[in-house]
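Read the structure below first, then the notes.
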Amino acid sequence: MRLLIPALVSVAMVVGGQAPAQDENAGAYLAGRVASSNSDFEATVEYYGRALMADRTNKDLMEGTALAYVALGQFQSAVPIARLILEQQDMNQVGRLVTTVQELMTGVSNETIEELRQGTRVGALIDGLLTGWALMDQGKVGAAFEAFDTFAEDPQYTDFTLYQKGMALAQVGDFESAAALLGDFSPNGIGPTRRSVRALAQVYGQLGRFDDAVALLEASFDLTDPEIAPLYASLKAGQAVPFDIVPTPRDGMAEAFYLVATALEGTAADSFTLLYSRLAEVLAPHLTDATLLSARLLERLDQTDLAVKSYNAVAPEDPLYLRAQIGRVSALRDVDRIDEALAVLDTLATTYPDSHLVHSTRGDTLRGVERFAEASEAYTRAITLLGSPQPGDWFVYYARGITYERTDRWDEAEADFRKALELSPGQPGVLNYLGYSMVEMGINLPEALQMIRQAVEARPDNGYIVDSLGWVLYRLGRFQEAVVQMERAAELKPVDPIVTDHLGDVYWAVGRKREAEFQWRRALSFNPEPDEAERIRRKLDVGLDVVLEEEGAPSLAEKAANAPTDL
């Protein structure tokens with residue numbers, strides 16, 4: 001789906017304004033500001049609540065508190081605050097968002113529908129999408145489709161609107177028309193999303209187009225996915241499945257908020273996107289996709305406990321339960337709660353014995369803490385469960401190859417790297433890792449250097465891959481060429497200790513010793529690993545030549561003399 005992000009956002013989510021006048025409450029206000037900037041929503045509610053006791057009319061405090069309550073999933077606590085905000089500032093967007101959702105839940109007035117139609121209720125996009133669903137909620141189906149068509153005339157919103165209209169058509173049983181819209185995967189039409197593909201497969205089933213439905217699912221999904229497997233089995237057997245993606249107008253309203261949230265994800269502040277995903281949850285608590293999006297956003301905002309709470313809110317009988325628990329593992333892993341993450345995976349392995357995702361996630365978790373032998377076993381189990389590997393499975397071979405390489409099982413590692421490239425030719429990470437490893441081992445040098453150059457061509461702005469090329473050229477004794485690449489890598493990764501250390505080494509190799517020492521000192525300031533820091537300090541004390549001699553490595557002169565010229 002073409003996502004026209006500039007048209008979506010018109011409000012900043014940072015609470016500003018003046019602190020309460022009372023000196024004794026200034027501390028609570030300032031603590032609330034810090035908590036808000038750190039997305040610590042529980043502390044925001046606590047401190048802003050204290051400050052509001054002294055200044056009950058401070059709009060900025062109320063807005064920050066309302067936002068924090070929504071982010072916490074405590075929508076009803078935000079409603080009275082939002083109403084107070086609107087008493088002071090009728091066009092306040094936060095106040096209008098919250099009160100609009102409350103009204104959508106209890107019954108939309110004709111006055112509100114007119115404001116939505118005019119785009120003056122909250123914002124143009126969400127207003128336009130909600131207009132059609134609000135009219136459907138009133139039973140005015142014809143007027144609803146007219147509203148969708150009118151809003152779709154604006155090219156900024158065409159794709160969003162036609163997607164929503166397709167869902168609405170399916171909801172009222174016009175499956176032919178729904179298929180025409182949901183099936184428009186052209187560059188200028190509705191692009192495929194997980195939900196739209198599932199919806200289209202259900203629509204094809206209702207039309208008796210079972211072959212089309214089966215082919216669509218086979219091309220789009222892992223058919224062992226717990227959400228997809230029962231749908232696929234039914235359609236494969238020629239049994240239509242009821243359309244349940246957006247079963248009611250209220251679900252359509254939630255879909256509108258979820259659609260905006262997915263469009264905002266990665267382009268707007270995560271705290272802003274969270275507002276829309278939470279409001280989607282309010283309108284449709286069973287919209288698990290919105291719950292998972294909220295959890296991901298909370299995870300990125302470093303609110304791990306809240307993220308885990310959201311992941312755990314998905315019931316075991318929900319088809320997305322496995323995805324939720326894998327998300328929970330990711331959140332726990334990010335804060336080094338590895339034992340808890342592995343315990344979750346142990347339980348999942350019992351519940352989902354045939355899920356390769358569980359075992360590959362276990363491999364990722366163990367690899368992240370350098371338990372490579374155990375990770376290899378987990379990846380092997382995942383690969384066994386894959387059956388016939390598909391192009392998208394390249395990563396599990398690549399990951400197992402890394403664990404084999406790190407446990408000195410090179411032949412098996414090389415086979416996995418090459419299998420990953422067979423499944424997905426030209427993967428820069430695989431090319432870089434395999435090429436660099438072969439150079440380190442002094443084997444297949446022409447092929448190795450070509451692989452790394454190909455990786456750089458594919459990712460010219462990836463500082464680590466450019467660093468690999470520079471470092472390989474240095475290892476081969478081609479020092480002047482190495483300088484060019486290492487300087488480029490340092491531009492791309494200016495505060496990375498390894499890249500900066502490497503730049504120092506190649507400067508030393510070409511006789512630029514003062515510049516080398518400067519870069520080594522910079523590298524120390526970037527907090528390298530203890531063993532790397534010790535080696536850098538030794539280089540500063542005695543120089544790189546002595547360090548290489550102490551390590552029993554070839555000297556720089558030997559490297560230069562033996563530098564291959566035919567690679």
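The values are calculated or read from the model by the stated rules, or taken from the named source; none is laboratory data. Just so we're clear, the structure is a prediction, and the values are computed from it rather than from any experiment. Every residue, glycine among them, receives a Cβ derived from its backbone with ideal geometry; neighbour counts consider all protein chains shown.
For the stretch 247-264, the count of residues that are touching a Ser or Thr at 6+ places or on another chain (Cβ under 8 Å) and polar (S, T, N, Q) is at least one. Check the stretch 353-373 and report whether any residue there is in a loop (DSSP other than H, G, I, E, B), within 30 Å of residue 245 (Cβ to Cβ) and in contact with a Ser or Thr (Cβ under 9 Å, 6 or more places away or on another chain). Looking for residues that are in a loop (DSSP other than H, G, I, E, B), within 30 Å of residue 245 (Cβ to Cβ) and in contact with a Ser or Thr (Cβ under 9 Å, 6 or more places away or on another chain), one finds at least one in the stretch 353-373, hence yes.
For the list (1) modelled with pLDDT under 95; (2) part of a helix (DSSP H, G or I); (3) surrounded by fewer than 15 Cβ atoms within 10 Å (Cβ to Cβ), I need the number of the one condition that residue 468 fails. Among (1) modelled with pLDDT under 95; (2) part of a helix (DSSP H, G or I); (3) surrounded by fewer than 15 Cβ atoms within 10 Å (Cβ to Cβ), residue 468 violates only (3). Among the residues of the stretch 481-521, those that are over 19 Å from residue 559 (Cβ atoms) and either among the aliphatic types (A, V, I, L, M) or not in a helix (DSSP H, G or I) (or both) comprise 489, 490, 492, 493, 494, 495, 496, 498, 499. Can you say whether residue 107 is out of contact with any helix residue (DSSP H, G or I) (no Cβ under 7 Å at 6 or more places or on another chain) and modelled with pLDDT under 90, as far as the supplied structure shows? When the stated conditions are applied, residue 107 passes them. Among the residues making up the stretch 311-325, a single one is surrounded by fewer than 19 Cβ atoms within 10 Å (Cβ to Cβ) and in a helix (DSSP H, G or I): 312. Tell me, please, whether a residue that is in a helix (DSSP H, G or I), over 34 Å from the mean Cα position of the chain (by Cα) and farther than 26 Å from residue 194 by Cα can be found in the stretch 149-161. No, because not a single residue in the stretch 149-161 is in a helix (DSSP H, G or I), over 34 Å from the mean Cα position of the chain (by Cα) and farther than 26 Å from residue 194 by Cα.
For the stretch 341-353, name all the residues that are of a type outside the set (Gly, Ala, Ser), at pLDDT 95 or above and crowded, with 16+ Cβ neighbours inside 10 Å. Scanning the stretch 341-353 gives 342, 344, 345, 348.
I'm checking my understanding of the structure. Among residues of the stretch 90-103 that are modelled with pLDDT of 90 or more and either among the β-branched types (Val, Ile, Thr) or farther than 24 Å from residue 277 by Cβ (or both), which one is surrounded by the fewest Cβ atoms within 10 Å (Cβ to Cβ)? Across the stretch 90-103, the extreme among qualifying residues is 99. With respect to residue 336, determine if the residue is under 15 Å from residue 299 (Cβ atoms) and outside any helix (DSSP H, G or I). Spelling it out, residue 336 is indeed under 15 Å from residue 299 (Cβ atoms) and outside any helix (DSSP H, G or I). Residues in the stretch 420-428: is at least one among the acidic types (Asp, Glu), surrounded by fewer than 22 Cβ atoms within 10 Å (Cβ to Cβ), touching a Phe, Trp or Tyr at 6+ places or on another chain (Cβ under 6 Å) and over 23 Å from residue 352 (Cβ atoms)? Looking for residues that are among the acidic types (Asp, Glu), surrounded by fewer than 22 Cβ atoms within 10 Å (Cβ to Cβ), touching a Phe, Trp or Tyr at 6+ places or on another chain (Cβ under 6 Å) and over 23 Å from residue 352 (Cβ atoms), one finds none in the stretch 420-428, hence no. The condition of being free of Cβ contacts under 8 Å to residues at least 12 places away in the same chain, farther than 29 Å from residue 544 by Cα and either of a type outside the set (A, V, I, L, M, F, W, C) or surrounded by 18 or more Cβ atoms within 10 Å (Cβ to Cβ) (or both) holds for only one of 411, 416, that being 411.
Among residues belonging to the stretch 392-419 that are out of contact with any Lys or Arg (no Cβ under 8 Å at 6 or more places or on another chain) and of a type in the set (Val, Ile, Thr), point out the one that is farthest from residue 359 (Cα to Cα). That would be 407.
Condition (residue is among the acidic types (Asp, Glu), over 21 Å from residue 213 (Cβ atoms) and out of contact with any Asp or Glu (no Cβ under 7 Å at 6 or more places or on another chain)) applied to the stretch 126-145: is it met by at least one residue? Looking for residues that are among the acidic types (Asp, Glu), over 21 Å from residue 213 (Cβ atoms) and out of contact with any Asp or Glu (no Cβ under 7 Å at 6 or more places or on another chain), one finds at least one in the stretch 126-145, hence yes.
Please verify whether residue 234 is over 25 Å from residue 117 (Cα atoms) and more than 27 Å from the chain's Cα centre (by Cα), treating the condition exactly as stated. For residue 234, the condition - over 25 Å from residue 117 (Cα atoms) and more than 27 Å from the chain's Cα centre (by Cα) - is met. Looking at the stretch 153-187 only, could you name the residues that are within 22 Å of residue 113 (Cβ to Cβ) and either aliphatic (A, V, I, L, M) or touching a strand residue (DSSP E or B) at 6+ places or on another chain (Cβ under 8 Å) (or both)? If the condition is that a residue be within 22 Å of residue 113 (Cβ to Cβ) and either aliphatic (A, V, I, L, M) or touching a strand residue (DSSP E or B) at 6+ places or on another chain (Cβ under 8 Å) (or both), then 162, 167, 168, 169, 172 are the ones that fit.
Can you name every residue in the stretch 161-203 that is modelled with pLDDT under 90 and over 13 Å from residue 245 (Cα atoms)? Scanning the stretch 161-203 gives 183, 184, 185, 186, 187, 188, 189, 190, 191, 192. Within the stretch 129-152, residues that are farther than 16 Å from residue 118 by Cβ and in contact (Cβ under 8 Å) with a residue 40 or more places away in the chain reach partners that are not hydroxyl-bearing (Ser, Thr, Tyr) and not in a helix (DSSP H, G or I) with beta carbons closer than 7 Å, at six or more positions or on different chains, in the pairs 137/108. As a summary of the residue check, residue 388 satisfies the conditions (1) small (Gly, Ala, Ser); (2) assigned to a helix (DSSP H, G or I); (3) at pLDDT below 95 except for the one numbered (2).
Restricting 396, 369 to those that are within 18 Å of residue 433 (Cα to Cα), β-branched (Val, Ile, Thr) and either modelled with pLDDT of 95 or more or out of contact with any His (no Cβ under 6 Å at 6 or more places or on another chain) (or both) reduces the list to 396.
Considering the stretch 545-566, and only residues there that are assigned to a loop (DSSP other than H, G, I, E, B) and not hydrophobic (A, V, I, L, M, F, W, C), the residue that is farthest from residue 509 (Cα to Cα) turns out to be 566. For residue 106, state whether it is crowded, with 20+ Cβ neighbours inside 10 Å, under 30 Å from residue 311 (Cα atoms) and among the polar types (S, T, N, Q). Considered against the rule, which asks whether it is crowded, with 20+ Cβ neighbours inside 10 Å, under 30 Å from residue 311 (Cα atoms) and among the polar types (S, T, N, Q), residue 106 comes out as no. Filtering the stretch 246-266 for residues that are in a loop (DSSP other than H, G, I, E, B) and surrounded by 21 or more Cβ atoms within 10 Å (Cβ to Cβ) leaves a non-empty set. Note on the stretch 522-534: residues that are in a helix (DSSP H, G or I) and farther than 17 Å from residue 467 by Cβ amount to 6. Any residue at all in the stretch 532-542 that is over 44 Å from the mean Cα position of the chain (by Cα) and either modelled with pLDDT of 95 or more or not charged (D, E, K, R) (or both)? Within the stretch 532-542, one or more residues are over 44 Å from the mean Cα position of the chain (by Cα) and either modelled with pLDDT of 95 or more or not charged (D, E, K, R) (or both).
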